[in-house]
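Structure, as structure tokens:
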Amino acid sequence: MADQTRAPIYEALKKYRADRIVPFDVPGHKMGRGNPELTEFLGKNCMSADVNSSKPLDNLCHPVSVIKEAESLAAEAFGAGNAFLIVNGTTAAVQAMILAAAKRGDKIIMPRNVHRSAINALILSGAIPVYVNPEVNRELGIPLGMTPENVEDAIKRHPDAKAVFVNNPTYYGICSDIKRIAELAHAHGMLLLADEAHGTHFYFGDGLPISGMAAGADMSAVSMHKSGGSLTQSSFLLTAAGVNEGYVRQIINLMQTTSGSYLLMSSLDISRRNLALHGREIFAKVRGYAEYMRSEINDIGGYYAFSKELCDGGAIYDFDVTKLSVHTREIGLAGIEVYDILRDRYGIQIEFGDIGNILAYVSIGDRELYLDRLIGALNDIKRVCSKDKTGMLNVEYIDPVVRVSPQQAFYGSRIAVPVEKSAGRICGEFVMCYPPGIPILAPGEEITPEILDYIRYAGEKGCFLTGTQDLEIKYIMVMDEGQQFPV
Amino acid sequence: MELWFTENHSENVRFSVRIDKPLYSEQSPYQRIDVFETPEFGRMLTLDGYVMITQKDEFIYHDMIVHVPMAVKKNVEKVLVIGAGDGGTIRELCRYGSVKHIDLVEIDGAVIRVCREFFPEMTASLDDERVTVNIEDGLRFVRHKKNEYDLIIVDSTDPFGPGEGLFTREFYGNCYNALTDDGVLVNQHESAFYENDAKAMCRAHERLRSVFEVHRVYQAHIPTYASGHWLFGFASKGLDPIKDLDAEYWESLGIKTRYYNTELHRGCFALPNYVIERLGGGKEQ
């Protein structure tokens, strides 16, 4: 058992600062002295930790000392074979995972409600997605997890697939039976990849869903900066004991910066230490906050803050009780409308609103008094803004028709057409509501009239649509008529 | 030896009171509570270093936060008081025979305990059988009430500490819901003179105005509060603080006061121009 009270990168930075090393290397601001305005804004401590790789501080691309030690400590804390510090966001961790598992033409089984980073990785690698229909809860209008039966079916239809990709959990806190899915994947010689962007706390808290590594995942992307408390853009890629460490590092280095930020790396180091030492109490507290808010919000009436009662042993195998997702359609407001009202009138910024739900992020940083502000605001919004709910769109899962691989569609010959005239064409780019950043359309998929209805409705309700080359989303890139590629 | 208590009224202005002796000090889970004996003001309570009440001038604050609404909204029966752990507001309310029930909601039980010990003449009314003391967050308490109170008095600290939630739109909205159809809300409304206080005053005014049909600001002269010129807010679903003032009714109650009278009631809503401008060009005034 290594000493989890250690934080090697943090300690090395403190020593580096105390040693008063004279910097004739990058960055040019030289511990802040060259940029007084920025130093005034961010603070001297922050600027003096923004330093370059060097012998005492190790090198992220080829770690041999303090970064290596920090990674070993993280691997142990998460119960993984190896851990890699990631400073290009969990996006980079997801991409590294997919690029390490599937090459051009390889198949990868995944639910359609993956984050855009997963499909981005398919564009980069040329791998082909085999989508498993995530079940949809019709009442709430949210995509769920994959049932082991559906995964098994996909495996049988595509026995040559290289990996199965699982969200653990989804943005809404829904978990699939990842353990059973891992067994199925392994029984058929496939890898199990876990997107745990929203699952860092599963590794440390009690009474939470099983973590990817504990369930037998081969690789997992863990967003430390979400529930783990580190700085934005910092993350871990975890791999199981049998996975080739050197190869995974090569893949990471294909795209990750060679100037790894020590602010991000030290934040990972300190946050890992904090979670290893105090994670259990921290997440018991967060869980208590979320449970309190859920029960108070459900008392208001009209709102539905859902939780474990949804679990059905299938597509909702487990639920992350630290997530505060609230269904708002019964008061006649789209989630995105509640999201906007909360910010504009009450000064409360929540994580996201979609067509039928809002999600408030409850965490390590919350103060008890603020919990009641959100509850009080929801109570007041119901009093002032609730409307008749007729005419609101019922969201259904729209089964994507994958006509060509994402890479072929993205790099193929494309033309821009007006969105409303795009039905029947093959999409050449992404269309997303952000957050949660799950594509409505991905490259290679057929554009159907029902998808266009959904895009129009989401836009009307104030969703932030992204992904297209045309920033106003009036035009959409589709594959040129003349070109047809078989999958 | 000289002992002085100093409060920063702004970053560049200090207000000091000579201290005879410090009587008590405690860090509660919410704030620092101190009680001093002073030669000029008698006993003085401070929270997080800000003067809350002194024996010498508390009558001004408590007269104005209670009697102004009570002379407009007649025969008040049920009252919700938020904050006010010192008991002064409750003491004034208990002088009205029409009042049948008072819910006092104070987030910090330590304030009540300390005031009971050092300000027994102010807190005596907390034992009145009509009073229920609730140690709870006001924002949380009021959310569960509907169409219940004739009057809500928000006797809060400044919006920079535990009182922050009591200056929010969600709180005012939930209060609206908790009031009866012609109910009234009165609150401590900061001051217009120093910049930080003035900003808080404007925010409170905007939020109250967005929730209530009527919102008016009135003033009093309170020597120990920053600038000495302090404001209160009067919000209602229709009652106007001047047109609906029933001076005869109030005078018939025979309540003897040292600051408030019905002539002053009419005058205290007449604001200086710089305050009117700060509040948004006098649209509402």
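Annotations for the structure displayed:
- Count of residues meeting criterion [in a helix (DSSP H, G or I) and free of Cβ contacts under 8 Å to residues at least 60 places away in the same chain] in the range A:1-31: 7
- Subset of the range B:42-83 that is of a type in the set (A, V, I, L, M, F, W, C) and out of contact with any strand residue (DSSP E or B) (no Cβ under 9 Å at 6 or more places or on another chain) - its residue that is surrounded by the most Cβ atoms within 10 Å (Cβ to Cβ): B:Ala71
- Conditions (1) more than 24 Å from A:Met110 (Cβ to Cβ); (2) under 25 Å from the mean Cα position of the chain (by Cα): number failed by A:Leu465: (1)
- Whichever residue in the range B:107-163 is closer than 23 Å to B:Arg203 by Cα and of a type in the set (Asp, Glu) and, among such residues, is surrounded by the most Cβ atoms within 10 Å (Cβ to Cβ): B:Asp155
- For the range A:322-359, taking the residues that are within 14 Å of another protein chain (Cβ to nearest Cβ) and not in a loop (DSSP other than H, G, I, E, B), the one that is surrounded by the fewest Cβ atoms within 10 Å (Cβ to Cβ) is identified as A:Asp344.
- Considering (1) farther than 19 Å from A:Thr257 by Cβ; (2) of a type outside the set (Lys, Arg); (3) in contact with a Lys or Arg (Cβ under 8 Å, 6 or more places away or on another chain), the lone condition that A:Gly105 does not fulfil carries the number (3).
- When A:Ala154, A:Ala221 are screened for being surrounded by fewer than 24 Cβ atoms within 10 Å (Cβ to Cβ) and among the aliphatic types (A, V, I, L, M), only A:Ala154 passes.
- The criterion of at least 1 residues that are within 14 Å of chain A (Cβ to nearest Cβ) and hydrophobic (A, V, I, L, M, F, W, C) is met, among helices (runs of 4 or more DSSP H) falling completely within the range B:119-215, by B:138-143, B:169-178, B:195-211.
- Flag if B:Cys94 is under 27 Å from B:Leu23 (Cα atoms) and either touching a Ser or Thr at 6+ places or on another chain (Cβ under 6 Å) or of a type in the set (Asp, Glu) (or both): no
- Total residues in the range A:453-465, condition surrounded by 19 or more Cβ atoms within 10 Å (Cβ to Cβ) and either assigned to a helix (DSSP H, G or I) or at positive phi (or both): 3
- Residues that are touching a residue at least 40 places away in the same chain (Cβ under 8 Å) and in a helix (DSSP H, G or I) within the range A:286-314 comprise A:Val286, A:Arg287, A:Tyr289, A:Ala290, A:Tyr292, A:Met293, A:Glu296, A:Ile297, A:Ile300, A:Leu310, listed in sequence order.
- Residue satisfying condition, being within 24 Å of A:Ser363 (Cβ to Cβ) and at pLDDT below 95, within set A:Ile270, A:Ile300: A:Ile300
- Screening B:Ser236 with (1) within 14 Å of chain A (Cβ to nearest Cβ); (2) of a type outside the set (Phe, Trp, Tyr); (3) in contact with a strand residue (DSSP E or B) (Cβ under 7 Å, 6 or more places away or on another chain); (4) crowded, with 24+ Cβ neighbours inside 10 Å gives one miss only, at (1).
- A:Asn82 being over 15 Å from A:Thr257 (Cβ atoms), touching a residue at least 40 places away in the same chain (Cβ under 8 Å) and of a type outside the set (Gly, Ala, Ser): yes
- Residues in the range A:361-376 that are closer than 16 Å to A:Val326 by Cα and in contact with a Gly (Cβ under 8 Å, 6 or more places away or on another chain): A:Asp372, A:Arg373, A:Gly376.
- Residue check for A:Glu245: in contact with a Pro (Cβ under 9 Å, 6 or more places away or on another chain) and of a type in the set (Asp, Glu): no
The values are calculated or read from the model by the stated rules, or taken from the named source; none is laboratory data. All figures in this text were calculated on a predicted structure; none of them were measured in a lab. Glycine gets a Cβ as well: all are built from the backbone with ideal geometry, and neighbour counts include every protein chain shown.
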